[in-house]
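Asker: Got a structure here, written out as C-alpha cells. Questions coming.
Just so it is clear, none of the values below were taken in a lab; they were calculated from the coordinates. Given the structure is predicted, the values throughout are model-derived calculations rather than measurements. Every residue, glycine as well, gets a Cβ built from its backbone with ideal geometry; the counts of neighbours run over all protein chains shown.
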Amino acid sequence: MQKSPPPFIWACPEEKNILDWHFIIRGPPDTPYEGGEYHGLIWFPSDYPFKPPDVKLFTPSGRFEVGHKICMSMTSYHPSTWNAAWSVATILTGLLSFMLSNEITAGAVKTTIEEKRLLAKQSHAFNLKSKKFRYATPEMTDLPDMGGPAASSVSLAEPSVILV
C-alpha cells in the first residue's frame with residue numbers, strides 16, 4: 001500500500017497500533033472534491049482479516065458525516081459481505097468510489113455540489129488545525145494546498161447538511 005498506493009490515496013498504520021490506519025484521499029479532478037484532502041481512519045478489529053473494519057472520515061467533505069462510521073459493504077455494517085482478501089488499498093479504493101456516488105446510507109450527508117467544492121477548498125486548512133491529523137500524518141502537513149488560492153481566504157464554517 002505504501003510503496004504503490006492507488007491513485008488519489010495515501011495510507012499508513014499508526015506506530016503504536018498497526019490495526020489503526022490513517023488515510024488521506026485527494027479529491028480527483030473534475031469532481032466536486034477536486035483538490036480536497038480528506039483525512040480518515042480505518043479501524044481493524046483484533047480478529048482481522050476474519051472480521052471487517054470500521055471507516056470514519058475526520059475532514060468535512062459534504063458526502064460523509066464527520067467522525068461517524070460509514071456504511072459500506074466493506075465495513076462492519078455488513079459482516080456477511082466481508083471478504084478476508086480485501087486489503088487497505090481495496091477498502092480505500094471502494095471508499096473513494098462510494099464518495100463519488102450519490103448513494104445515501106448510514107454515515108452519509110446530503111449537500112450541494114457548491115458546498116462540496118467549498119469544503120474541498122477548505123480541507124487542507126481544516127486538516128492543519130487538527131491535532132489528530134498533524135500527529136498521525138506529519139509528512140502530509142507539508143502537502144501543497146490543492147484547494148487553490150481561494151482556499152486560504154475562505155472561512156471554515158460548517159456547511160448546511162442534511163443528515164440521513
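Asker: Search the structure for amide H atoms under 5 Å from the amide H of T75, placed 1.01 Å from N in the peptide plane, and list their residues when 5 or more places away or on another chain.
Answerer: Hits under the 5 Å cutoff: none.
Asker: With a 10 Å Cβ neighbour count serving as the proxy for reagent exposure, in which order, fewest first, do F50, F98, F23 appear?
Answerer: Numbers: F50 10, F98 19, F23 24.
With the sparsest Cβ surroundings first, the list reads F50, F98, F23.
Asker: For a quick protection proxy, order the peptides 113-120, 74-81 by their average other-Cβ count within 10 Å, most packed first. Present the calculation step by step, with values, prior to reporting the outcome.
Answerer: Values: 113-120: 19.9, 74-81: 14.9.
Put in order of decreasing packing, that is 113-120, 74-81.
Asker: Could I ask something else about it? Filter the trypsin sites (Lys or Arg not before Pro) in the range 2-38 down to the DSSP loop ones having no more than 12 other Cβ atoms within 10 Å, then list what survives. Don't skip to the answer; put the middle values down first.
Answerer: Details: sites: K3, K16, R26; in loops: K3, K16.
Sparse-neighbourhood loop trypsin sites (Lys or Arg not before Pro): K3, K16.
Asker: Next up: Round to the nearest 0.05 the FRET efficiency obtained for N102 and D54 when R0 = 35 Å and r is the Cβ-Cβ distance.
Answerer: Values: r = 23 Å, r/R0 = 0.65.
With R0 = 35 Å, the Cβ-Cβ based efficiency is 0.95.
Asker: Follow-up question, since we're still on this one. Please give the FRET efficiency for S80 paired with D20, using the beta carbon to beta carbon distance and R0 = 22 Å, rounded to the nearest 0.05.
Answerer: On the way: r = 24 Å, r/R0 = 1.10.
It comes to 0.35.
Asker: So what are the ³J(HN,Hα) numbers for the range 124-131, from phi and the Karplus equation (6.51, -1.76, 1.60; θ = phi - 60°), rounded to whole Hz, Gly and Pro as x?
Answerer: Per-residue couplings from phi come out as 5, 4, 4, 4, 4, 7, 8, 4 Hz.
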